[in-house]
């Protein structure tokens, strides 16, 4: 089969005769149709490297079931990549991303940047008929965003803001709106991100570089999907007294805030929490409803589509030439 194979840090190639995975009990063979390139994939292609070599990355993908004892052949599916043990204390008390020995499609196990992938039956989610394969690549990011919205504690009628309108930030905003937020404020310095927010139907959109931006947009819950010192400062500014700040974005640099903002954080008696991964326990129907309702709208988030034969060049652009990351999906057909 064809596959984009990572052989070592900064060494990857398109292989045309890679060994196809073999079926085993509890697993399905998926013929991959589309695979998203996540921002978290890029360091693995670069100096950060992967957990093993050779390896196949890609954890945001869709396809059809080719071989399975559980799923009907031809079923259109998206995947959820986390593979927890299900029995450790972290799994039982907090969820799959707290597992002490989890596996993960696209990092610790081969993923979707290949024509075929071996996926546990329970990690597949059937796509509604009205959701395309391209849009289905957002199932994993939607799961992350759903978890963020749950952790935020937002209740019907509360107001919220999302700082950082990248893919995850905008998907979080969709969930907050879905859960009945009275107002969702979207904040991003990039004009292209603000335009996407508008395409998704958001009207409270802020450019934080403007003077006094958001001065009249105070909210109950603020989610930081940017992960910088400046975005954390903006969280403190936008939060109502007694509000909550949730952090899902992270940077490669230290987050530092001035004492004036730290004191404001204290005086407002704000609470803060971190967010990591997702927990889809009991959420499948919620996800399916969201996909049916908003699936077609997700197409505006895809900024580039490349063929598998072109993927090495786009990875070079991002990793070697440091071109700005844009949401890209690979056509595996």
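Nothing in this text is a laboratory measurement; each read-out follows from the coordinates by a stated rule. Since the model is a prediction, treat every value here as computed from it, not as a measurement. Ideal geometry is used to build each Cβ from the backbone, glycine not excepted, and the neighbour counts take in all protein chains shown.
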- Tell me the label-point distance for the pair residue 252, residue 130, using the 7 Å Cα-to-Cβ offset, in nm and rounded to one decimal. 4.3 nm
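Could you list 98, 33 so that the one with the fewest beta carbons within 10 Å of its beta carbon is first and the one with the most is last? Could the numbers behind the result be given before it?
Details: 98 17, 33 23.
Lowest count first: 98, 33.
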- Message: Over all directions, how big on average is the projection of the convex hull of the alpha-carbon atoms in segment 144-274, in square nanometres?
- Response: 7.2 nm²
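Given an 8 Å cut-off on Cα distances and at least 6 residues of separation, report the relative contact order of segment 144-274 as a percent. Show your work: numbers first, answer last.
Values: 270 pairs, mean separation 29.1, N = 131.
Normalised by residue count, the contact order of segment 144-274 is 22 percent.
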- Put a dot 7 Å past each Cα toward the Cβ at residue 269 and residue 19; how far apart are the dots in nm? 6.2 nm
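Please give the peptides 84-93, 306-315 ranked by average Cβ packing (other Cβ atoms within 10 Å per residue), highest first, as a rough proxy for protection. The partial results should precede the final answer.
Details: 84-93: 13.4, 306-315: 15.8.
Going from most to least packed, we get 306-315, 84-93.
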- Query: If you look at just the Cα atoms of the chain, how large are its Rg and its Dmax in Å?
  - Reply: 20.1, 62
- Highest to lowest packing among 261-267, 101-107, 233-239, 204-210, scored as the average C-beta count within 10 Å: 233-239, 101-107, 204-210, 261-267
- Query: Given C-alpha coordinates of segment 53-189, what is the ratio Rg to Rh with the Kirkwood estimate of Rh?
  - Reply: 1.01
- Message: Given the DSSP H assignment, sum -39500 (n - 2.57) over each helix run of at least 4 residues in the chain and divide by its residue total; what's the result at 222 nm in deg cm²/dmol, nearest 500?
- Response: -7000 deg cm²/dmol
- Message: Looking only at the chain, where both bridge partners belong to it, what percent of the DSSP beta bridges are antiparallel (to the nearest 5)?
- Response: 55 percent
- Quick one: helix 229-238 against the long Cα principal axis of the chain, what's the angle to the nearest 10°, folded into 0 to 90? 50 degrees
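Based on the Cβ-Cβ distance of residue 7 and residue 262, what FRET efficiency does E = 1/(1 + (r/R0)^6) give at R0 = 51 Å, to the nearest 0.05? List each step's numbers first, then the result.
Details: r = 46 Å, r/R0 = 0.91.
Rounded to the nearest 0.05, the efficiency is 0.65.
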- Item | Helix 139-152 axis, angle to the chain major axis (alpha carbon atoms, nearest 10°) | 30 degrees
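Most exposed first by the Cβ proxy, i.e. fewest other Cβ within 10 Å, how do 175, 71 rank? Kindly include the intermediate steps, with their values, before the conclusion.
Numbers: 175 24, 71 19.
With the fewest neighbours first, 175, 71 line up as 71, 175.
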- Message: Please compute the volume of the convex hull spanned by the alpha-carbon atoms of segment 50-102 and report it per residue in Å³.
- Response: 127 Å³
- Post the alpha-carbon centroid distance, segment 269-328 to segment 86-152, in whole angstrom. 12 Å
- Using the 10 angstrom Cβ neighbour count as an exposure proxy, how do 255, 62 rank, fewest first? 255, 62
- Message: What whole-number distance in Å separates the alpha-carbon centres of segment 1-79 and segment 202-247?
- Response: 37 Å
